[in-house]
Structure formats: C-alpha cells, structure tokens
Amino acid sequence: MSVAIVILNWNGKKLLEEFLPSIMQFSEGATIYMADNASSDDSVSFVSEKFPEIRIIQNKVNGGFSKGYNDALSSLS
C-alpha cells in the first residue's frame, strides 16, 4: 500500500518551519507533497532547500482551500 500526504500552503513558511520536521519524522515511507497556493513569501524556496524530498506542486492562483486541494490532487492522477 502506498501513502501520500498533501499539505496545502499559502504564505505559511513559519508554520512549515514548525511542523514539517514532525511530518518528516513520523511519515516514513509516505510520499509528501506541498501544494502551494501562489504564496508571496518564500515558502516554496524554504521547502525546496530544507526538505528536498518533499515534492512541490505550484498552483498558479490562490483559488482557496477546496480549489487548492482539488487542483493539487488532480495533478497527481
């Protein structure tokens, strides 16, 4: 069985700094994605540099919570 974790982000670098280490520690074997909802902070570069094993999906616009997840999930299939 394969497991994927999708994290939706919008300008959440500070939150990512806090919880990504735990996600990485307790998610061994899972594929982890961060779907970025057109952030204007440096969330994407932070994740790329500090957590290169996380796959990044960059949504071109911030369509909100539902659209962000739906766009991310549809890009995976």
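Just so you know, all these numbers are worked out from the coordinates, no wet-lab data involved. Source: prediction; values computed, not measured. Note: ideal-geometry Cβ built from the backbone for every residue, glycine included; neighbour counts use all protein chains shown.
Counting each DSSP H run of 4 or more residues in the chain as -39500 (n - 2.57), what helix-only mean residue ellipticity at 222 nm follows after dividing by all residues, to the nearest 500 deg cm²/dmol? Before the final figure, lay out each step's value.
Details: 3 runs with 34 residues, N = 77.
Value at 222 nm, helices only: -13500 deg cm²/dmol.
Compute the distance in nm between two label points, each set 7 Å from the Cα along the Cα-to-Cβ direction, one at LYS13 and one at GLN25.
Each label point is offset 7 Å from its Cα along the Cβ direction, giving 2.4 nm.
Mind giving me the nanometre distance, one decimal, between the label points for ALA4 and SER74, set 7 Å out from Cα along Cα→Cβ?
Each label point is offset 7 Å from its Cα along the Cβ direction, giving 1.4 nm.
Farthest toward the dipole's positive end in the chain, which of PHE46, GLN58, PHE19, given Cβ charges of +1 (Lys, Arg) and -1 (Asp, Glu) about the Cα centre?
GLN58
Counting other Cβ atoms within 10 Å, keep those with at most 14, restrict to DSSP loop, and tell me which trypsin sites (Lys or Arg not before Pro) in the chain are left.
Sites meeting the loop and neighbour criteria: LYS60.
Within a 10 angstrom radius of the beta carbon, how do SER48, SER43, SER2 rank from fewest other beta carbons to most? The partial results should precede the final answer.
Details: SER48 13, SER43 22, SER2 6.
By the 10 Å Cβ count, ascending, the order reads SER2, SER48, SER43.
In debye to the nearest 20, how big a dipole does the chain give about its Cα centre with +1 on each Lys and Arg Cβ and -1 on each Asp and Glu Cβ?
In debye, rounded to 20, the chain gives about 220.
So which GluC sites (Glu not before Pro) in the stretch 17-77 pass both tests, a DSSP loop state and at most 12 other Cβ atoms within 10 Å of the Cβ?
Those that pass, being in a loop and sparsely packed, are GLU28, GLU53.
For GLY12, what is the net charge nearby, where nearby means another residue's Cβ is under 15 Å from its Cβ and Lys, Arg count +1, Asp, Glu -1?
Every neighbour counted, the sum reads -2.
Cα-Cα pairs above 14 Å in the chain: how many percent?
That fraction is 58 percent.
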